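Report on the following structure.
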């Protein structure tokens, strides 16, 4: 089945769902899903969860796209740092976090009269490697991109054809993923991660991570961006040393 045929299947499904709530992160997949819901003619609303785990630019992108599509955006605030099963950062941290975030979105969507809550999980996502997906199944959150068989590459291409500015946006996992499993998550560590990654973005870096490694910043880059790092090395080290004890460039692991 071609990507265009899968898109038609997706639009048909969305058209028959009544009032559709889209869990909207501002990323590639949920942006395309939101466009598809609006394109299908379904009564559509977007729900963005604001937490300490989301950087400010994700919320800005969410607001921008909703304005471009003419879709109402509702922001749901959740204090994820109030839950020990999240902040302890054990192996099931993502499950506990997703359960709370999507429960909050479901409540808000139901109060607004929505009949279904959809997320942007696609056919390229490995359910076995994403513990948060178990929470979505338990809450009966629909994943129409996955059900339609749409892969990440197809979603990017369809998004480009639809004129969405998110079509080539790099994947961006939440800030909590920068902190090693078993290391407690604090507001301070999340804030310094956001500042460090925001600084590197301002220099032109894309598709990278700044991970906490002891008290050091462990920068993971694509090989193609090593020259950019070398060009700005002194400034990067000086800036990140404001927030970290050391700055390390990871020559092996990639985002």
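Filtering segment 78-93 to residues that are in contact (Cβ under 8 Å) with a residue 24 or more places away in the chain and out of contact with any strand residue (DSSP E or B) (no Cβ under 8 Å at 6 or more places or on another chain) leaves 79, 80, 81, 86, 87, 88, 89, 90, 91, 92, 93. On inspection, residue 52 does not qualify as surrounded by 23 or more Cβ atoms within 10 Å (Cβ to Cβ) and either within 20 Å of the chain's Cα centre (by Cα) or without any contact (Cβ under 8 Å) to a residue 24 or more places away in the chain (or both). Is there any pair with a first residue in segment 201-220 that is at positive phi and a second that is outside any loop (DSSP other than H, G, I, E, B) whose Cβ atoms are under 7 Å apart and which are 6 or more apart or on different chains, and what are they? As it stands, the answer is 204/228, since those pairs meet every condition given. Taken across segment 220-235, residues that are surrounded by fewer than 18 Cβ atoms within 10 Å (Cβ to Cβ) and touching a helix residue (DSSP H, G or I) at 6+ places or on another chain (Cβ under 8 Å) do occur, with at least one present. When you look at residue 57, is it closer than 18 Å to residue 165 by Cβ and surrounded by fewer than 20 Cβ atoms within 10 Å (Cβ to Cβ), yes or no? Judged against the criteria, residue 57 is a match. In the set 113, 16, 41, only one residue is free of Cβ contacts under 8 Å to residues at least 60 places away in the same chain and at positive phi; that residue is 41. Here are the criteria: (1) in contact with a strand residue (DSSP E or B) (Cβ under 8 Å, 6 or more places away or on another chain); (2) at pLDDT below 95. Tell me which single one residue 183 does not satisfy. So residue 183 meets the others, but not (2).
Residue 4 fulfils the conditions (1) surrounded by 19 or more Cβ atoms within 10 Å (Cβ to Cβ); (2) farther than 21 Å from residue 125 by Cβ except for a single criterion, (1). Does any residue of segment 66-77 turn out to be under 15 Å from the mean Cα position of the chain (by Cα), in a helix (DSSP H, G or I) and free of Cβ contacts under 8 Å to residues at least 40 places away in the same chain? Checking segment 66-77: not a single residue is under 15 Å from the mean Cα position of the chain (by Cα), in a helix (DSSP H, G or I) and free of Cβ contacts under 8 Å to residues at least 40 places away in the same chain. It is to be established whether one or more residues within segment 33-51 are under 29 Å from residue 186 (Cβ atoms) and part of a helix (DSSP H, G or I). The answer is no, given that none of the residues of segment 33-51 is under 29 Å from residue 186 (Cβ atoms) and part of a helix (DSSP H, G or I).
The values are calculated or read from the model by the stated rules, or taken from the named source; none is laboratory data. Here the structure is a predicted model, which means the values were calculated and not measured. In this analysis, Cβ positions are derived from the backbone assuming ideal geometry, glycine residues included, and neighbour counts consider all displayed protein chains.
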